[in-house]
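The values are calculated or read from the model by the stated rules, or taken from the named source; none is laboratory data. This structure is a prediction, so every number in the text was calculated from the model and none was measured. No Cβ is skipped: glycine too gets one built from the backbone with ideal geometry, and neighbour counts run over all protein chains shown. Remember, those area values only see protein heavy atoms, side chains included, never the ligands or the DNA or RNA. Shrake-Rupley method; radii C 1.70, N 1.55, O 1.52, S 1.80 Å.
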Amino acid sequence: MNILSNKIKPISFTCDGKRLNGMLHLPCRDTYLPERPPLVVGSHGLEGSMASAKQQLLSRLLPEQGVAFFRFDHRGCGTSEGDFVKETSLAKRVEDMVCAIDHLRQLGLTDERLLLFGSSLGGATCISTWQRLIEKDITPCGAVLCAAPVNSITIREIPLEGNERRPALPLSFFEEHLLFDLTEKLTLLKNILIFHGDKDRVVPVENAYTLDSNAGAPKKLIIFKEGDHQMSDERDQKRFEDEALSWMAACFEQCPAQ
C-alpha cells in the first residue's frame, strides 16, 4: 500500500508532555512513486489555530503542487492540550514547532527539504525556529512570513479583553511571555518571502522593513497598499496565493532532496 495515497493524515505528537494535534496534507498518488514530497510546516497566530484561513488555503493548494503541508494547533489552542493563559509564550511556540518537525522527519513520509510558514506570531515563531533548526544541523530551504512581528514592543493593539476562547489577559501576560526582539536572529535567514500591509494596526509595517533589511539574500518584500493585519482584501489574498506558491516552488527547486 502506498502511504502517500492518503491525502490527509491526522498526526499527533508530544511536546513537553502535551499532546499536540495536526493534519499532514500529502499529494495524491495513484501509483507508487519512490520520491517523497518536500514539506512545509505552518505556525498560526497568537489566538489562531490550524483552521486559520491561510493554513487551510495552503493545505489545499500545496499538495496540488506536489508539496506536503503540515498544520497543527500550538499548545493551548484548538484541539491540542495545554492551558492558553499559562503556557503561551514565544519560546514554547518554538518548542512546539521543533517537536512537530522532529516528529515528521521521523515518520519518513516526506524528504529532507523543509520550508517554514508563519502568520503574525507564527512568523516570529518561524524566525526563532530557524535558529533552533540550524543548531540541529537542519537548514530550511526558505520561509514565507506574513505580518510577522520582529520586535514585540512595536505591537500597537494588545488583545487584553476576553473572548469565547480565553479569559481576559493582564498586561503582565504579554510582558512576561511575549516580550521579544528577534533582530539579531534575522541574519541567519535566507530565501525569505515577506508579506505585510502598510495599514496594519496590530503589527506595524516597520517590522517588515526590519526583516527585509537584516535577512540574507535571496529575499522578497511585498507590501500591500492599504493592507490590514488579516490580509482581508481579496486582491491581496490572490497575490499572496500566487507569490507564495511560486516562491516555495523556487526554494525547493534550489534546495535538492538529500
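Just a few scattered comments:
- Number of residues in segment 33-58 that are open to solvent by less than 10 Å² (accessible area, probe 1.4 Å) and farther than 22 Å from ILE138 by Cα equals 2.
- Inspection of segment 50-67 identifies at least one residue that is assigned to a loop (DSSP other than H, G, I, E, B), at pLDDT below 95 and either among the hydroxyl-bearing types (Ser, Thr, Tyr) or more than 21 Å from PRO10 (Cβ to Cβ) (or both).
- If the condition is being in contact (Cβ under 8 Å) with a residue 12 or more places away in the chain, open to solvent by 30 Å² or more (accessible area, probe 1.4 Å) and more than 19 Å from GLU95 (Cα to Cα), then segment 165-189 contributes ARG165, PRO167, LEU171, THR183, THR187.
- Among residues that are touching a helix residue (DSSP H, G or I) at 6+ places or on another chain (Cβ under 6 Å) and within 20 Å of GLU243 (Cβ to Cβ), PRO38 is included.
- Residue satisfying condition, being β-branched (Val, Ile, Thr), at pLDDT 95 or above, open to solvent by less than 10 Å² (accessible area, probe 1.4 Å) and not in a strand (DSSP E or B), within set THR129, THR139: THR129
- Condition met for GLY162 (within 30 Å of TRP247 (Cα to Cα), out of contact with any Leu (no Cβ under 7 Å at 6 or more places or on another chain), of a type outside the set (A, V, I, L, M) and surrounded by fewer than 24 Cβ atoms within 10 Å (Cβ to Cβ)): no
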